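> Submitted below is the structure of interest, expressed as structure tokens.
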Amino acid sequence: MRTEQHPSVREAYCAEANAPEPGNMANVILKDIKKVYPYAGGKAEKKKQAKGTGEKKANLQITEQGVVAVQAFNLDIADKEFIVLVGPSGCGKSTLLRMIAGLEEITEGELYIGDNMVNDVEPKNRDIAMVFQNYALYPHMTVFENMAFALKLRKVPKDEIKKKVREAAEILDITEYLDRKPKALSGGQRQRVAIGRAIVRQPQVFLMDEPLSNLDAKLRNQMRAEIIKLRQKVDTTFIYVTHDQTEAMTLGDRIVVMNDGFIQQIGTPQEVFDHPANIFVAGFIGSPQMNFFDAELVRSGDGYSVSVNGVQFGLSEEKQGLLRGRDIPQQEITLGIRPEHITVGEEGIPAMVDLSEMMGTSIHLHAAVNHTDVVVVVPTADVQDKGRSAFTHGMEVKLEFGGNVVHLFDKENGENLCL
Ligand SMILES: Nc1ncnc2c1ncn2[C@@H]1O[C@H](COP(=O)(O)OP(=O)(O)OP(=O)(O)O)[C@@H](O)[C@H]1O
Ligand SMILES: [Mg+2]
């Protein structure tokens, strides 16, 4: 059963009540955190589910103990850092956030907020504020009352509540809606109220679980920019969950890429984009997705090159040095190249045009290389006034790329050979 999409009023209340007065340091440390959801059913159910121990089914790691949602999770989040947890559906992002909030028990490992280990600290005493995907606003209260609720529980004087709510409303540009009930607001406005409710509490740590995923594309872009501004105004630690790699790239100081409950890579957006640790990260970060080819890494003495479909490509000195340093032998590999790094030229790998999508400033060209779909981003300026008709179905093209932009992955375990 998935629960995080529908935080109960009790949960929202827990996450709101009685938070201690704002402290100063809010680094968050996760040490070897593991989460196992025990089987809910009886023994027979357990046996049935555990059949084929260790087997992965639709992202579930099924074991004797239950479903392993997160494991071996180690992360040091600095005070005032903006961390984004990103990964596909079911990889354990919400589970992790809910453990930090205290809404989900930690099976193994240690969680520190500031200097305190908080594994057994009640959610209401953790000095965090959580914004859920579905807002979880109280429908019978006005916007003002929704935002004031937590402060009222804390017995903050009325004048001060008014001041704090007004300040937060100002930051989020929702002052004119303070007297309305949530049902009289648009999705974007409700989301602002949900964020406002968290801001007024001045928490040490802001937790946000896909706060923008209910919004349409335009509003999502707008709110993304709002969150960047918000971050500049309220200087605290943010832990933000999304499955959207664009959000991750634009918001995070560092991003944590997850898959199947494991961390795949931790780094700045640029690091993760330029030096993906493995094929999973390479394919997940970047849009359109990185292209992958079967290729051979050829070694001759101290030099390396790659051969794709019988076409030989040189590698940059830097890449060759990294391979030499690790004494990588000649072998079959998976070659990765981003669509922006391929050009259509006179020489290179022969490919057959399948279709082209006009995106405005660029054309996304889909071509087949030996039955593999390859996407190339061609700047519209490069084809001058031909536009969409520059590439027609069945046309033969040659794809070129430089030896500095390719990524080389181990065919067996998917790891980047040049790290
Ligand atoms: N209460 C629960 N009981 C059993 N298994 C659960 C429970 N909650 C989540 N899971 C499982 O744990 C795994 C991680 O779930 P989680 O909700 O953390 O994923 P997520 O990364 O947030 O996904 P999404 O992007 O879809 O929100 C999934 O396989 C999920 O089915
Ligand atoms: Mg989730």
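The values are calculated or read from the model by the stated rules, or taken from the named source; none is laboratory data. Quick caveat, the model's predicted, so the values are computed rather than measured. We place every Cβ from the backbone using ideal geometry, glycine too, and count neighbours over all the protein chains shown.
> Does segment 53-62 contain at least one residue that is in a loop (DSSP other than H, G, I, E, B), modelled with pLDDT under 95 and within 16 Å of ligand 2 (Cβ to nearest atom)?
Within segment 53-62, one or more residues are in a loop (DSSP other than H, G, I, E, B), modelled with pLDDT under 95 and within 16 Å of ligand 2 (Cβ to nearest atom).
> Quick test for you: out of D260, D209, pick the one residue that is on the phi > 0 side of the Ramachandran plot, within 16 Å of ligand 2 (Cβ to nearest atom) and surrounded by 18 or more Cβ atoms within 10 Å (Cβ to Cβ).
Checking each option against the conditions leaves just D260.
> Among R299, R220, R224, which is outside any helix (DSSP H, G or I), free of Cβ contacts under 8 Å to residues at least 40 places away in the same chain and not aliphatic (A, V, I, L, M)?
R299
> Inside segment 88-110, can you point out the residues that are within 11 Å of L207 (Cα to Cα) and more than 11 Å from ligand 1 (Cβ to nearest atom)?
Those that are within 11 Å of L207 (Cα to Cα) and more than 11 Å from ligand 1 (Cβ to nearest atom): I100, A101.
Table: residues versus (1) assigned to a strand (DSSP E or B); (2) farther than 19 Å from G252 by Cβ; (3) within 31 Å of the chain's Cα centre (by Cα); (4) not β-branched (V, I, T).
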position: F273; (1), (2), (3), (4): no, no, yes, yes
position: F292; (1), (2), (3), (4): yes, yes, yes, yes
position: A295; (1), (2), (3), (4): yes, yes, yes, yes
position: V306; (1), (2), (3), (4): yes, yes, no, no
position: F313; (1), (2), (3), (4): yes, yes, no, yes
position: E318; (1), (2), (3), (4): no, yes, yes, yes
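> Among the residues of segment 246-256, count how many are in contact (Cβ under 8 Å) with a residue 40 or more places away in the chain and either of a type in the set (F, W, Y) or away from ligand 2 (no atom under 15 Å from the Cβ) (or both).
6
> For the subset of segment 263-276 comprising residues that are under 24 Å from V405 (Cα atoms) and among the β-branched types (V, I, T), which member is surrounded by the most Cβ atoms within 10 Å (Cβ to Cβ)?
V272
> May I pose another question? I'd like to verify a number: residues in segment 337-376 that are touching a Ser or Thr at 6+ places or on another chain (Cβ under 8 Å), surrounded by fewer than 18 Cβ atoms within 10 Å (Cβ to Cβ) and in contact (Cβ under 8 Å) with a residue 40 or more places away in the chain, how many?
1
> I'd like to verify a number: residues in segment 104-124 that are in a strand (DSSP E or B) and of a type in the set (G, A, S), how many?
Total meeting the criteria: 1.
> Then there's this: Give L75, L30 a once-over and let me know the one that is assigned to a strand (DSSP E or B) and either modelled with pLDDT under 80 or surrounded by 18 or more Cβ atoms within 10 Å (Cβ to Cβ) (or both).
L30 is the lone residue from the list that is assigned to a strand (DSSP E or B) and either modelled with pLDDT under 80 or surrounded by 18 or more Cβ atoms within 10 Å (Cβ to Cβ) (or both).
> A follow-up question, please. Just to be sure, is K93 modelled with pLDDT of 95 or more, among the basic types (K, R), under 24 Å from the mean Cα position of the chain (by Cα) and within 15 Å of ligand 2 (Cβ to nearest atom)?
Taking the combined requirement at face value, the residue satisfies it.
> Would you please name the residue that is farthest from V241 (Cα to Cα), looking only at residues in segment 175-199 that are in a loop (DSSP other than H, G, I, E, B) and at pLDDT 90 or above?
D179
To keep it simple, each residue is scored yes or no on (1) of a type in the set (D, E, K, R); (2) modelled with pLDDT of 95 or more; (3) out of contact with any Lys or Arg (no Cβ under 9 Å at 6 or more places or on another chain); (4) within 16 Å of ligand 1 (Cβ to nearest atom).
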residue	(1), (2), (3), (4)
T236	no, no, no, no
Y240	no, yes, yes, yes
I255	no, yes, yes, yes
I263	no, yes, yes, yes
G267	no, yes, no, no
P276	no, yes, yes, no
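> Just to be sure I understand the filter: pairs with C-beta atoms under 6 Å, separated by 6 or more residues or on different chains, first member in segment 393-412 and closer than 14 Å to V375 by Cα, second member surrounded by fewer than 14 Cβ atoms within 10 Å (Cβ to Cβ). Which pairs pass?
Final answer for the pair search is K398/G345; K398/E347; E400/G345.
> Sticking with this one: Restricting to segment 170-186, what's the tally of residues that are surrounded by 16 or more Cβ atoms within 10 Å (Cβ to Cβ) and within 19 Å of P139 (Cβ to Cβ)?
Final tally of qualifying residues: 6.
> Would you tally the residues in segment 378-419 being under 20 Å from P276 (Cα atoms) and either among the hydrophobic types (A, V, I, L, M, F, W, C) or not in a strand (DSSP E or B) (or both)?
Qualifying residue count, segment 378-419: 15.
> Next up: So which residues in segment 377-404 are of a type in the set (V, I, T), surrounded by 12 or more Cβ atoms within 10 Å (Cβ to Cβ) and out of contact with any Gly (no Cβ under 8 Å at 6 or more places or on another chain), if there are any at all?
Across segment 377-404, the qualifying residues are V377, V378, V383, V397.
> Further question: Kindly check whether there is at least one residue in segment 128-143 that is away from ligand 1 (no atom under 16 Å from the Cβ), modelled with pLDDT under 95 and under 24 Å from the mean Cα position of the chain (by Cα).
Yes, segment 128-143 has at least one match.
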